[in-house]
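Written below as structure tokens is the structure these notes are about.
The values are calculated or read from the model by the stated rules, or taken from the named source; none is laboratory data. Treat the numbers as computed from the prediction; the structure is a model and nothing was measured. Here Cβ is always computed from backbone atoms with ideal geometry, including for glycine, and neighbour counts include all displayed protein chains.
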Amino acid sequence: MIFPSISEVKKGIAGILEIRGNDVMVRDEAKLTARLIDDLIGSAVFSGDEDVRNAARWLIRRAGAALGIVSSSIQSFYDAMGAKKVTGLTVPAINIRGITYVSAQAVFRAALKDNVGALIFEIARSEIDYTKQRPAEYTAAVTAAAIKTGFRGPLFLQGDHFQVSAKKYAGDPAKELNAVKSLISEAIEGGFYNIDIDASTLVDLSKATLGEQQEANSRITAELTALIRSVEPRGITISVGGEIGEVGTKNTTIEEFETFMEQYRRMLAEKGRALKGISKISIQTGTTHGGVPLPDGSIARVKIDFGTLEAISEAAKSRFGLSGAVQHGASTLPDEAFDSFPRTGTAEIHLATGFQNIIYDSTSFPRDMKQKIYDYLRTECAGEKKEKDTDEQFIYKTRKKGFGPFKRDLWSFSPNITQAIGMELERQFSFLFDKLNVKNSKALVNKYVKPVDVPLEAPAALRT
């Protein structure tokens, strides 16, 4: 059910949730998880009334906090990795593009079964647009899934690839930077206390020296880090990531990394010597976002440069105190590749397209809905089809853009369909948790991460 009005929201929560100023008391957890949380997240995402959407999102976040589900920064855990007090694991950062409430429940079920605490939920700047999920909505959906499944503890929400567009920056630098800054502020307000800055798009390999090549990247990453430090909530040090090798381009070298870090740290110090720098560094080792589709729609196998991952991760820890290197574009890699990440000291890997593929390719996904989405893409995204692309290649590369326009249809699947898809996702999450060695990481996360409950003012509509 979607609550039609604020008065109906108040009636719906009566006896289950109690509003006390800017906090929420959970009076009946069983009724909350049985039905009310479903109604609240449906209203938070699909209500046509802005007051209802905002009220539902606030109620979800504050009910979550009351149950011990607190948006948190992973910074202190990454500090421990940088000091080599935590070793032998790689943190999965999971991008959820479609059916977020269902998909996040699958993540949490696997995490509960495997006692996982080292886990990040993220969404990229581009994904926010084409999946039509603003940060506040994404936070509400993930928090609601945690409530529904019984997950408790720190919740790591991350802005992935908060990227500076090279084309837009060339046309109007100030406008493009302001757009990224605005998104950073929106994300932090929405509970994202982990932000990955990506100015690697501005690296200019045509310049003579490594310093010149990385100058714009170093400068803008420092500028955006300083902004984050100026707006982060009291008591929280947001984990900030940097990037030096744009995914899909040439592989990163350790010399490029060291040059970037030296320039970045100097430039950040000029903005305030006490400012905390980045906690990790994203590099390119041979992957491509989403994988490379072959003419029949299957994915080409790629060879990852694990030597570079290991060397840069070690330098990141020993020289700069970072948690290590970050691998993007990993979800479509062959299964046998994943256990190599913990062995090479990789701090974090980003996973997205593989889960999208599970959803679309599930035998439970309604064929008529898939056809409807694909027909839409053939019309609306026709300009993105390259001359040599087969239809299968085109659909594979563009079907991520079906999640936004058809979001309500996908969220409206019958329970037996969502359950079947959720079980397929859960199996993959559990497999990855095992390979990345984050099983039984809950106690380790709790040792180093002390959640801070950031005050969140109740919407005016709920106070009247």
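Kindly indicate whether residue 311 is within 21 Å of residue 219 (Cα to Cα), at pLDDT 85 or above, in the same structural domain as residue 345 (by TED's automatic domain parsing) and not in a loop (DSSP other than H, G, I, E, B).
On the way: within 21 Å of residue 219 (Cα to Cα): no; at pLDDT 85 or above: yes; in the same structural domain as residue 345 (by TED's automatic domain parsing): yes; not in a loop (DSSP other than H, G, I, E, B): yes.
Against the criterion (within 21 Å of residue 219 (Cα to Cα), at pLDDT 85 or above, in the same structural domain as residue 345 (by TED's automatic domain parsing) and not in a loop (DSSP other than H, G, I, E, B)), residue 311 does not qualify.
Just checking, how many residues over segment 344-389 are assigned to a loop (DSSP other than H, G, I, E, B) and under 21 Å from residue 414 (Cβ atoms)?
Looking only at that region, the number is 5.
Could you check segment 108-164 and list, in sequence order, the residues that are among the polar types (S, T, N, Q) and either more than 24 Å from residue 240 (Cβ to Cβ) or more than 12 Å from the chain's Cα centre (by Cα) (or both)? Spell out how you get there, then give the answer.
Looking only at segment 108-164, we keep the residues that are among the polar types (S, T, N, Q), and these are 115, 126, 131, 133, 139, 143, 149, 158, 163.
Selection gives 115, 131, 143, 149, 163.
Which pairs have Cβ atoms under 8 Å, sit 6 or more apart or on different chains, and link a residue in segment 18-35 that is modelled with pLDDT under 95 to one that is surrounded by fewer than 16 Cβ atoms within 10 Å (Cβ to Cβ)?
Once the first residue is modelled with pLDDT under 95 and sits in segment 18-35, no partner that is surrounded by fewer than 16 Cβ atoms within 10 Å (Cβ to Cβ) comes close enough.
Return the total of residues in segment 432-452 being buried (at least 17 other Cβ atoms within 10 Å of the Cβ) and either out of contact with any strand residue (DSSP E or B) (no Cβ under 8 Å at 6 or more places or on another chain) or free of Cβ contacts under 8 Å to residues at least 12 places away in the same chain (or both).
Initially, segment 432-452 is screened for residues buried (at least 17 other Cβ atoms within 10 Å of the Cβ), giving 432-433, 435-439, 441-442, 444-445, 448-449, 451.
Checking the rest, the ones that are also either out of contact with any strand residue (DSSP E or B) (no Cβ under 8 Å at 6 or more places or on another chain) or free of Cβ contacts under 8 Å to residues at least 12 places away in the same chain (or both) come to 435, 437, 439, 441, 444, 448.
Qualifying residue count, segment 432-452: 6.
Among the residues in segment 408-431, are any among the charged types (D, E, K, R), surrounded by fewer than 18 Cβ atoms within 10 Å (Cβ to Cβ), outside the structural domain of residue 87 (by TED's automatic domain parsing) and not in a helix (DSSP H, G or I)?
Within segment 408-431, none of the residues are among the charged types (D, E, K, R), surrounded by fewer than 18 Cβ atoms within 10 Å (Cβ to Cβ), outside the structural domain of residue 87 (by TED's automatic domain parsing) and not in a helix (DSSP H, G or I).
Pick from segment 390-405 the residues that are over 15 Å from residue 96 (Cα atoms) and assigned to a loop (DSSP other than H, G, I, E, B): which of them is farthest from the chain's Cα centre (by Cα)?
The first filter runs over segment 390-405 and keeps only residues over 15 Å from residue 96 (Cα atoms), leaving 390-398, 405.
Narrowing further to those that are assigned to a loop (DSSP other than H, G, I, E, B): 390, 405.
On the way: 390: 31, 405: 20 Å.
By that ranking, first place goes to 390.
Report yes if some residue within segment 349-366 is in contact with a strand residue (DSSP E or B) (Cβ under 6 Å, 6 or more places away or on another chain) and closer than 30 Å to residue 262 by Cβ; otherwise report no.
Let us first name the residues in segment 349-366 that are in contact with a strand residue (DSSP E or B) (Cβ under 6 Å, 6 or more places away or on another chain), namely 349-352.
From the residues that got through so far, the ones that are closer than 30 Å to residue 262 by Cβ too are 349-350.
Within segment 349-366 (the criterion being in contact with a strand residue (DSSP E or B) (Cβ under 6 Å, 6 or more places away or on another chain) and closer than 30 Å to residue 262 by Cβ), the answer is yes, since at least one residue qualifies.
In segment 330-341, which residue that is surrounded by fewer than 19 Cβ atoms within 10 Å (Cβ to Cβ) and touching a helix residue (DSSP H, G or I) at 6+ places or on another chain (Cβ under 8 Å) is modelled with the lowest pLDDT?
Here the answer is 335.
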